[in-house]
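A short write-up of the structure that comes next.
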Amino acid sequence: MGRILGIDYGSKRIGLAITDASQIIASPFKTVTTHNLEFQISELSRIIEEEDVSQIVIGLPLGLKGNYTTQTKKTEQFADLIRKEIDLPVSFYDERLTSVQAKRILQSEGKQPSREKELVDETAAAIMLQAFLDSR
């Protein structure tokens, strides 16, 4: 059983979270900050190999009423690219309000989310991934 990689896909940054080997706990992992799709896929492939990832869960950014948005469509296109380039199961999980939760958590830890955007994205990915784990 490999780890699960959680992805919070954004137009500026991609927040990543990863589970422990037992797939019980999700933790913030890393942020990829380039717009170059080739590099993004290459970096994800490297992480998948190094961290023994067996599954990918991508946060699906739905509107508050569950409707599809422009970002939802961009995320689905990114997922299609991952499916073409990486031979692993890829699924979606609702990520509504995870960034808000992440900012609150970081503020409670005395951090400044407005200055640590990468940490917000990683934490949002971890919140989404943990919710995915808990729902199984």
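The values are calculated or read from the model by the stated rules, or taken from the named source; none is laboratory data. Since this is a predicted model, take the numbers as computed values, not measurements. Cβ coordinates were reconstructed from backbone atoms using ideal geometry, including for glycine residues, and neighbour counts include every protein chain displayed.
Counting residues in the range 53-65 that are in contact with a Gly (Cβ under 9 Å, 6 or more places away or on another chain), of a type in the set (Gly, Ala, Ser) and touching a residue at least 40 places away in the same chain (Cβ under 8 Å) gives one or more. For residues that are touching a residue at least 40 places away in the same chain (Cβ under 8 Å) and in contact with a Ser or Thr (Cβ under 7 Å, 6 or more places away or on another chain), scanning just the range 86-103, find the one that is nearest to Leu5 (Cα to Cα). It comes out as Leu88. All conditions in (1) among the small types (Gly, Ala, Ser); (2) assigned to a helix (DSSP H, G or I); (3) farther than 14 Å from Ala126 by Cα hold for Ala102, with the sole exception of (3). Every listed requirement among (1) out of contact with any Pro (no Cβ under 9 Å at 6 or more places or on another chain); (2) in contact (Cβ under 8 Å) with a residue 60 or more places away in the chain; (3) not aromatic (Phe, Trp, Tyr) is met by Gln77 save one, (2).
So which residues in the range 127-136 are at pLDDT 95 or above and out of contact with any Ser or Thr (no Cβ under 6 Å at 6 or more places or on another chain), if there are any at all? If you could, list the steps in order and put the result at the bottom.
Of all residues in the range 127-136, those at pLDDT 95 or above come to 127-135.
Those that are at pLDDT 95 or above and out of contact with any Ser or Thr (no Cβ under 6 Å at 6 or more places or on another chain): Leu129, Gln130, Ala131, Phe132, Leu133, Asp134, Ser135.
In summary, Leu44 fulfils each of the numbered conditions (1) surrounded by 17 or more Cβ atoms within 10 Å (Cβ to Cβ); (2) outside any helix (DSSP H, G or I) with the single exception of condition (2).
Under the condition of being assigned to a loop (DSSP other than H, G, I, E, B), modelled with pLDDT of 95 or more and of a type in the set (Gly, Ala, Ser), the residues counted in the range 1-35 number 3.
Pairing residues of the range 105-120 that are crowded, with 16+ Cβ neighbours inside 10 Å with residues that are part of a loop (DSSP other than H, G, I, E, B) and of a type in the set (Asp, Glu), at Cβ distances under 9 Å and at least 6 apart in sequence or on separate chains, gives Leu106/Glu116.
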